[in-house]
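Here the structure comes first, spelled out in structure tokens, and everything after it is commentary.
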Amino acid sequence: MSTKEKDKEIAGSPSLSVERLPETSLWTNSKCLLICALVSLASMQYGLDSACLAAFQAMPGFLKVFGYPDPSAPGGFGIGHTFQQLLFSFLTLGSLLSTLFAGPFSHLYGRRPALLLACFLTAFGTAIQIGTSSAAALYVGRIILGIGNGFLVTFSNIYCAEVAPPHLRGVMVALFSEWVCVGSVLGATVTNATKKWLGKASWRVPLGMLFVVPVMLSAGVWWVVPESPRWEVSRGRHQEGRMALERVRAVREDGKEGQQRLEVEWVEMVKGIEEEKRLASTVGPLDMFRGSDLRRTLLCFGVIATQAGSGSWFYISYSTYFMIVSGLPVDLSFRYSILKTYIGFIGVNVGMYLMRFVMGRRTLMTTGAMVQGMFMLDMAISAITTEAGTWRARDSLMACSALVNYAHNAFVGVASYPVATELVSTRLRPYTVGAAISLGYLLAWLTSFCSPYFINPENMTWGAKYGFIWAGPNFCCALFFFGCLPELKGRALEEIDELFEQRAPAWKLKSAETSVVSEAIEEVRRRRGEVGEDGGKAATVEIVVEREKDV
């Protein structure tokens, strides 16, 4: 049976085609793209902080205050592994705590208040860190900054997933990775400029950049960004939800096709959320582990956990210091950190293109985990087959590290949040995504806590051989993506809810049929008088839906 014949059969009329709506371009959705880009600015805070902290551990001005003199160490100063562990652990602890409360907070107050609260907390935590020379006060600032960062990461991704058109959701949620790279580039550039300063300004100036995100984001959220229309509908506020949807779509009154598409999307959203309420009337953390939501929760947890499993947290936290203890001079390590961030930025853009036009999420993530695992293995093998300190060893280390960073940003890094946010149901999205990110931060803390023992000169002194530890988990992640992850590219969030209710195996969900879109189009036509009571077509308007194809 042809696609058009299937469409007619679903419609119940031999003259009606209702299965697919035409895809629209990024230009048509430019307002939604700009709103998502503004909300995704939240992740720039994470990129800035990670780049700065990775550099501070090799910065004499910072080590004079929080380290100790060590003539045998590169740069003349050393840093205790306990201080390193706590510096990252307290940030992770704060993020973990905030993401655990993301679900209840969002259910009661929405996405916008959560982002505004996060802006205040990150600014407050930054101010504490800049104004202190005490390790204890620095830890307090890290915890508060972590609490704000946890909310920023969770709610920026949830918001973008809920307002983006289905066929552009991957690109718009992946803006998270784009801003992380921008923050990393800025952080690496500024720390490279201040690395030789011997005063406290060497690390306080880079930390001052952390004020940029809360100031710009809070202004944008207050004046430009509407509340999530799906949250409004879930709270029974249909009028506010419709107004929010119209604001993010920016449909002109004289644009008949745009108005029809908006109407279909609205009806589909309302029908999907009402059906979800009918099937499960309660909203709470325990609901994540009931019925079909259990499978969705486990998949979401697995996708977020693979970020730690890929070794990205180790590389983010200790990249500059890792280069130094692996044999690179201090100046070269700082310059390389800038190059690394640019390579990662290129990787993100390549990954967004691949995810939009070339392949689906499942193929992208499976390929990326395999490639990253091989580069980790290459880096470790190179470390044991070349003489430490030689230019051959240094070139090999820089090349393999750059390829690892590129592979992560182009594959798993760019796709993990789009996949994690679309896997879960609308009513439980803040609970499930928040809990998954909490798990991710817990694994990040474990990585940050253990890594110094492997790479520090005063402990195991593995250096680049640490890549052996991460090659295996990357290959395991590839098996998880290939065997368990369904392909949901181009599906509306309400379609995804319907697919998981069918309880089909992962490899069958890609081609499974859904009815929510067809029913929404039929409802719109009945409202407009385009379909008579007998199912015949009463007007000449043709609505065609095209689901995004996976190459």
(message) Contact list please: Cβ distance under 9 Å, first residue in region 470-491 and free of Cβ contacts under 8 Å to residues at least 40 places away in the same chain and over 30 Å from Glu162 (Cβ atoms), second residue aliphatic (A, V, I, L, M) and assigned to a helix (DSSP H, G or I), pairs at least six apart or on different chains.
(response) Leu479/Ala369
(message) Just to check your reading of the model, which residue among Trp231, Trp222, Trp197 is in contact (Cβ under 8 Å) with a residue 24 or more places away in the chain, open to solvent by less than 30 Å² (accessible area, probe 1.4 Å) and among the aromatic types (Phe, Trp, Tyr)?
(response) Trp231
(message) Can you list residue pairs whose Cβ atoms sit under 7 Å apart, with the first residue in region 265-278 being in a helix (DSSP H, G or I) and the second being among the β-branched types (Val, Ile, Thr) and modelled with pLDDT under 85? Count only pairs 6 or more apart in sequence or on different chains.
(response) Val267/Val524; Glu268/Val516; Glu268/Val517; Lys271/Val516; Gly272/Val516; Ile273/Thr426; Glu276/Thr426
(message) Looking at region 331-341 only, could you name the residues that are farther than 15 Å from Ser50 by Cα and open to solvent by 20 Å² or more (accessible area, probe 1.4 Å)?
(response) Asp331, Leu332, Arg335, Leu339
(request) Tell me which residues, restricted to region 394-429, are open to solvent by 10 Å² or more (accessible area, probe 1.4 Å), within 30 Å of Gly236 (Cα to Cα) and not hydroxyl-bearing (Ser, Thr, Tyr). (result) Arg427
(message) Need the failing condition index for Ile384 against (1) open to solvent by less than 50 Å² (accessible area, probe 1.4 Å); (2) touching a residue at least 24 places away in the same chain (Cβ under 8 Å); (3) touching a Lys or Arg at 6+ places or on another chain (Cβ under 8 Å), just the number.
(response) (1)
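When you look at Glu162, is it assigned to a helix (DSSP H, G or I), charged (D, E, K, R) and open to solvent by 10 Å² or more (accessible area, probe 1.4 Å), yes or no?
Working: assigned to a helix (DSSP H, G or I): yes; charged (D, E, K, R): yes; open to solvent by 10 Å² or more (accessible area, probe 1.4 Å): no.
For Glu162, the condition - assigned to a helix (DSSP H, G or I), charged (D, E, K, R) and open to solvent by 10 Å² or more (accessible area, probe 1.4 Å) - is not met.
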(message) Among the listed residues Arg112, Arg142, identify the single one that is basic (Lys, Arg), in a helix (DSSP H, G or I) and under 21 Å from Val283 (Cβ atoms).
(response) Arg112
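Residue-by-condition table, conditions (1) under 18 Å from Val215 (Cβ atoms); (2) surrounded by fewer than 19 Cβ atoms within 10 Å (Cβ to Cβ); (3) touching a residue at least 60 places away in the same chain (Cβ under 8 Å):
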{"position": "Leu108", "(1), (2), (3)": "no, yes, no"}
{"position": "Ala118", "(1), (2), (3)": "yes, no, yes"}
{"position": "Leu121", "(1), (2), (3)": "yes, no, no"}
{"position": "Phe124", "(1), (2), (3)": "yes, yes, no"}
{"position": "Gln129", "(1), (2), (3)": "yes, no, yes"}
{"position": "Ala136", "(1), (2), (3)": "no, yes, no"}
{"position": "Arg142", "(1), (2), (3)": "no, no, no"}
{"position": "Leu145", "(1), (2), (3)": "yes, no, yes"}
{"position": "Phe151", "(1), (2), (3)": "yes, no, no"}
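Okay, residues lined up against (1) of a type outside the set (Asp, Glu); (2) farther than 25 Å from Leu210 by Cα; (3) assigned to a helix (DSSP H, G or I); (4) at pLDDT 75 or above:
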site: Lys6; (1), (2), (3), (4): yes, yes, yes, no
site: Pro14; (1), (2), (3), (4): yes, yes, no, no
site: Val18; (1), (2), (3), (4): yes, yes, no, no
site: Ala51; (1), (2), (3), (4): yes, no, yes, yes
site: Gln85; (1), (2), (3), (4): yes, no, yes, no
site: Leu91; (1), (2), (3), (4): yes, no, yes, yes
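Residues checked against (1) under 18 Å from Gly148 (Cβ atoms); (2) modelled with pLDDT under 90:
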position	(1), (2)
Val212	yes, no
Ser218	yes, no
Trp223	no, no
Arg230	no, no
Gln239	no, no
Ala244	no, no
Arg252	no, yes
(request) Tally the residues that are small (Gly, Ala, Ser), touching a Ser or Thr at 6+ places or on another chain (Cβ under 7 Å) and under 26 Å from Tyr353 (Cα atoms), restricting the search to region 414-447. (result) 1
(message) Can you find a residue that is modelled with pLDDT of 80 or more and open to solvent by 30 Å² or more (accessible area, probe 1.4 Å) anywhere in region 75-82?
(response) no
(request) Quickly run through region 350-389 and pick out the residues that are closer than 24 Å to Trp507 by Cα and of a type in the set (Ser, Thr, Tyr). (result) Tyr353, Thr363, Thr366, Thr367
(message) Please pick out the residue among Val180, Val185 that is of a type outside the set (Phe, Trp, Tyr) and surrounded by fewer than 23 Cβ atoms within 10 Å (Cβ to Cβ).
(response) Val185
(message) Can you find a residue that is under 29 Å from Phe289 (Cβ atoms), open to solvent by 10 Å² or more (accessible area, probe 1.4 Å) and modelled with pLDDT of 85 or more anywhere in region 444-466?
(response) no
(message) Ala58 - would you say it is at pLDDT 85 or above, buried (at least 17 other Cβ atoms within 10 Å of the Cβ) and either closer than 22 Å to Asn192 by Cα or under 31 Å from the mean Cα position of the chain (by Cα) (or both)?
(response) no
(request) Quickly run through region 400-413 and pick out the residues that are touching a Ser or Thr at 6+ places or on another chain (Cβ under 7 Å) and over 15 Å from Arg361 (Cα atoms). (result) Cys400
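The values are calculated or read from the model by the stated rules, or taken from the named source; none is laboratory data. The structure presented is a predicted model; accordingly, all values stated were derived computationally and were not measured. Glycine also receives a Cβ, built like all others from the backbone with ideal geometry; neighbour counts cover every protein chain displayed. What goes into the accessible areas is simple: the full protein's heavy atoms, side chains included, and nothing from ligands, DNA or RNA. Shrake-Rupley method; radii C 1.70, N 1.55, O 1.52, S 1.80 Å.
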